[in-house]
Amino acid sequence: MTLPIIRLSGLDKFYGEFQALSQINLDIKTGEFFSLLGPSGCGKTTLLRAIAGFETLSSGSLQIDGLSMEGVPANKRPTNMVFQSYAIFPHMSVAENVAYGLKARKLPKVEIKARVAEAIDMVGLQGFDERASHALSGGQRQRVALARALVLKPRVLLLDEPLSALDKKLREQMQSELRRLQRAVGITFVLVTHDQEEALTMSDRIAVMFDGKIAQVASPQILYGKPSTRKVAAFIGMMNFLDAKVLAASGDNVEVEVQSLGKLTLSLEQATGGLNGCDSVGVRPEMLTILTGSQTSEREIEAEVTEVSYYGDMTYYDVKFPSKEDPITVTMRNTAGREVLEVGAKARVGWSTSSLLLLK
Amino acid sequence: MVGFQKWRRSESAQGLFLISPTLCFALLLLAVPLVMVAALSFWTQDYLTLDRTFTTANYVTAWTEPMYQYLMARSLKISIFVTVATVFLAYPVAYFISFHVAPKRKAMWIFLITIPFWTSYLMRIFLWKVILGYNGVVNGSLMGLGVIEQPLSFILYNQNAVVLTLAHAWVPFAILPIFVALERVDRSLIEAAEDLGDSRLRRFLRVTLPLSMPGVIAATIIVFIPTIGDYVTPRLVGGPNGLMISNMIELQFKKANNAPLGAALAISAMGIVTFFALVFLWMNRKYVRGPS
Ligand SMILES: Nc1ncnc2c1ncn2[C@@H]1O[C@H](COP(=O)(O)OP(=O)(O)OP(=O)(O)O)[C@@H](O)[C@H]1O
Ligand SMILES: [Mg+2]
């Protein structure tokens, strides 16, 4: 077990009366691509800036590479940041921007020149060295910001929503490029994002934050497949919820009474956040199927289609279960020969007990 | 005729109508007198009459006579000193207001800086006379404390007094453009500089200062151009050694009864000022780049 590159323990941050971060405990492993994910205003930027050294902690401790960062100013920390606005120096060319930190370290000119050229190559900006920084596109500025930070070979690279200003296509391209870059340089990346898809596709691990607290830290698969609370489940992807009541628990089995579905026996593992206080059952839309013809499933329930949204490759159905008011979403892949149902049609919805999660 | 009708409704015509009162005012009070002075500088004063034959003799005198050269050089020197002193005094104040005053207090600070304008400039000059005079506040205090036995004479009626008085008068004008330029410096750039390893001083020198240069240059122009032609201040606190070119121009127009020479001196001074202003503007081009 290697030492975590970043260790946060009991971290609190107050702005006056307002608590922006509360009791953050988090280990970030060396070399991983880590994401901080959460809705707007949950404290992601505050946490990142605290790591970078731009916010003083109200209490708790922060260690980078095993060293306490208390009293260490941002310019002395082994971290570098890619700012949300990129913060490219407008009075400098691309090469001067990239060389900025190397000059601050007073390295010899030859070395600076070589490393700047290498960094500019790495982010694919060959030939842009002398370009004035105001004459760059959003994607190019983002690359300059990346090169400027990576050229210093920091222990940790902090990225504050670096892709949010880009259009969808460029964003997707930059996502895979960032991932490739991270693998190539082997530097720990800490990425702030409010885009769950971005976090899922890019990260090794994700911390989900709400209201200044960390709700869950896990790999993308676990976060999606086994969210620990209803709130996390609703934030990551789509999830249907049904009211549920725990009747009894014995050994590895939990007996629950679920709205529309009746009495069921689930395994204790399906209560991902512990059994205490569980009051709902969640099921992902793609875990449900609309059965056609002679198809069967482990369990079936009669439902009525109330809404159909056709997306080409997929169809999203809203269906109404008996004795449940708000609809349940079912997504179906439009494979060859599958008919798209119409609003008002009766449908047999197939499901299985193993795809349910018991949540609080 | 149709063309004229069309032009009348165009945007440029409307713009012209909008500025026409100002334009008339400027033409009447600025351009016309200027043309008259320029014309005058090519004529000759013949006791009470003007000889209107074209001559460049006045300019030859203005540029070759040692006394005029000397006065011009002194005026330049004084206004360079004033400008440097003013900008050096104004920058820290502007920096303090922009970076260390809470956002909601900034307007109040800027307002406080304009307070000196509530009294007339002449009053402020006389105040400096009271402060710096032979029996003034400074000498009185220093003698009272026993620091000096004789009143200091080098503090009034010389060039130092002119520089001091002018700098004090112009500092507020210099603070404003520098403040505006500093306000426009994106704070995340300074954080980026810190993040990249620069200490407080280094990031000031590499980011804040260059990005606020447009304000510094604006302040330089605002202070330099009017001070070179100032004549009230040297007249009142300058003494015989503090006189500047504009005092000489005044002298030529009035007592010496040689308006054409005065006009030639004035136009020459204007040319020199224009030259310096263009240099400053050219310097500014380096800093004012496209939108960031
Ligand atoms: N300087 C400050 N003074 C007071 N409150 C602040 C300050 N900075 C941030 N906050 C508050 O702290 C909370 C967290 O802010 P933060 O910028 O970390 O959010 P975020 O998760 O990055 O949101 P977003 O996704 O919108 O960027 C917000 O409610 C914000 O209003
Ligand atoms: Mg943020």
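The values are calculated or read from the model by the stated rules, or taken from the named source; none is laboratory data. Worth saying up front: this structure is predicted, and the values here are computed from it rather than measured. Using ideal geometry, Cβ is built from the backbone for each residue, glycine included, and neighbour counts are taken over all protein chains shown. These area figures cover heavy atoms from the full protein model, side chains too; ligands, DNA and RNA do not enter into them. Shrake-Rupley method; radii C 1.70, N 1.55, O 1.52, S 1.80 Å.
Distant-in-sequence amide contacts of A:V82, defined by a placed amide H-H separation under 5 Å and a gap of 5 or more residues or a different chain, comprise A:L158, A:L159, A:D160. Residues whose amide H comes within less than 5 Å of that of A:M314, counting only those at least five positions distant or on another chain, are A:N334 (H built at 1.01 Å from N in the peptide plane).
Annotation for the B:A interface, with buried accessible surface near 2100 Å², both sides summed [1.4 Å probe; non-protein components not counted]. Normalised Debye scattering of chain B at q = 0.12, 0.16 Å⁻¹ gives log10 I(q)/I(0) of -1.01, -1.28, counting only Cα atoms as equal scatterers and leaving out solvent. Site pair B:Y121 and A:L3 shows an inter-label distance of 6.7 nm when each label is modelled 7 Å from Cα along Cα→Cβ.
Here's the picture: charge each Lys and Arg Cβ at +1 and each Asp and Glu Cβ at -1 in chain A, and of A:L37, A:L357, A:Q259 the one pushed furthest to the positive end of that dipole is A:L37. Between the residues A:T46, A:V110, A:V98, the greatest Cα displacement towards the positive end of the dipole of the stretch A:26-180, with unit charges on the Cβ of Lys, Arg, Asp and Glu, is found for A:V110.
A simple spin-label model places the labels of A:K168 and B:V232 6.6 nm from each other, with each point 7 Å out along Cα-to-Cβ. The mean accessible area for residues of chain B, using a 1.4 Å probe and ignoring ligands and nucleic acids, is 58 Å² per residue. Note on surface exposure: A:C278, B:C24 rank B:C24, A:C278 by accessible area, highest first, 1.4 Å probe.
With each run of n ≥ 4 DSSP H residues scored as -39500 (n - 2.57), what mean residue ellipticity at 222 nm is computed for chain B after dividing by its residue count and rounding to the nearest 500 deg cm²/dmol? List each step's numbers first, then the result.
Values: 15 runs with 209 residues, N = 292.
Calculated at 222 nm, the ellipticity per residue is -23000 deg cm²/dmol.
Here the extension length gained between A:T56 and A:S137 equals 25.8 nm, from 0.36 nm per residue of separation less the Cα-Cα distance.
Eight or more residues apart or on different chains, and alpha-carbon atoms under 13 Å: count the Lys pairs in the stretch A:4-225 matching that.
Numbers: A:K13/A:K44; A:K13/A:K213; A:K44/A:K213; A:K103/A:K113.
Count of close lysine pairs: 4.
Mean-square fluctuations from a GNM of chain A, with a 10 angstrom spring cutoff on Cα atoms, peak among A:Q19, A:Q140, A:Q295 at A:Q295. Converting phi to 3J(HN,Hα) with the Karplus coefficients 6.51, -1.76 and 1.60 and the offset θ = phi - 60°, the stretch A:15-24 yields 10, x, 7, 6, 9, 7, 9, 9, 6, 7 Hz in sequence order, with x at every glycine or proline.
Beyond 38 Å, the tail of the calculated P(r) for the protein assembly as shown holds 59 percent of the Cα pairs. Who wins for biggest fluctuation among B:W118, B:W63, B:W170 in a Gaussian network model of chain B, springs between alpha carbons below 10 Å? Of B:W118, B:W63, B:W170, the Gaussian network model singles out B:W118 as fluctuating most.
Placing a pseudo-label 7 Å from each Cα along the Cα-to-Cβ vector at B:L209 and A:V308 gives an inter-label distance of 7.2 nm.
Between A:Y316 and A:E257, the C-beta separation translates, for a Förster distance of 35 Å, into a calculated FRET efficiency of about 0.75. Between the Cα long axis of helix A:138-150 and the first principal axis of chain A there is an angle of about 70°, rounded to the nearest 10.
Averaged over peptide B:198-207, the number of partner chain Cβ atoms lying within 10 Å of each residue's Cβ comes to 3.
Could you work out the equivalent-ellipsoid semi-axes for the stretch A:230-277, taking the square root of 5 times each eigenvalue of the Cα gyration tensor, largest first, in whole Å? Walk me through the intermediate numbers first.
Working: eigenvalues 79, 38, 14 Å².
Computed over the stretch A:230-277, the values are 20, 14, 8 Å.
Between A:L275 and A:K153, the FRET efficiency from the beta-carbon distance, with R0 = 30 Å, is close to 0.05. Here the accessible area of chain B is 71 percent carbon and sulfur, with a 1.4 angstrom probe and all protein chains present. Please give the average number of partner chain Cβ atoms lying within 10 Å of the Cβ of each residue in A:82-89, rounded to a whole number. Per residue, the average neighbour count from other chains is 5. DSSP beta bridges fully contained in the protein assembly as shown are about 80 percent antiparallel. Phi-derived couplings, Karplus 6.51 cos²θ - 1.76 cosθ + 1.60 at θ = phi - 60°, listed residue by residue for the stretch B:180-186: 4, 5, 5, 4, 7, 6, 4 Hz, with x used for Gly and Pro. Our coupling estimate for the stretch A:264-280, obtained by passing each phi through the Karplus curve with A = 6.51, B = -1.76, C = 1.60 and θ = phi - 60°, is 9, 10, 10, 8, 4, 4, 6, 8, 5, x, x, 7, 4, x, 5, 9, 8 Hz, Gly and Pro reported as x. Short-range pairs are left out: with C-alpha atoms under 8 Å and at least six residues apart, the relative contact order of the stretch A:125-209 is 28 percent.
Apolar share of the accessible surface for chain A: 50 percent from carbon plus sulfur atoms, 1.4 Å probe. Residues of the stretch A:96-126 whose accessible area (probe 1.4 Å, heavy atoms of protein chains only) drops by at least 40 Å² once all protein chains are present, relative to their chain alone: A:Y100, A:A104.
Could you state the accessible area per residue of the stretch A:282-352 in Å², with a 1.4 Å probe and every protein chain left in place? Walk me through the numbers before you get to the answer.
Details: 3970 Å² over 71 residues.
It amounts to 56 Å² per residue over the stretch A:282-352.
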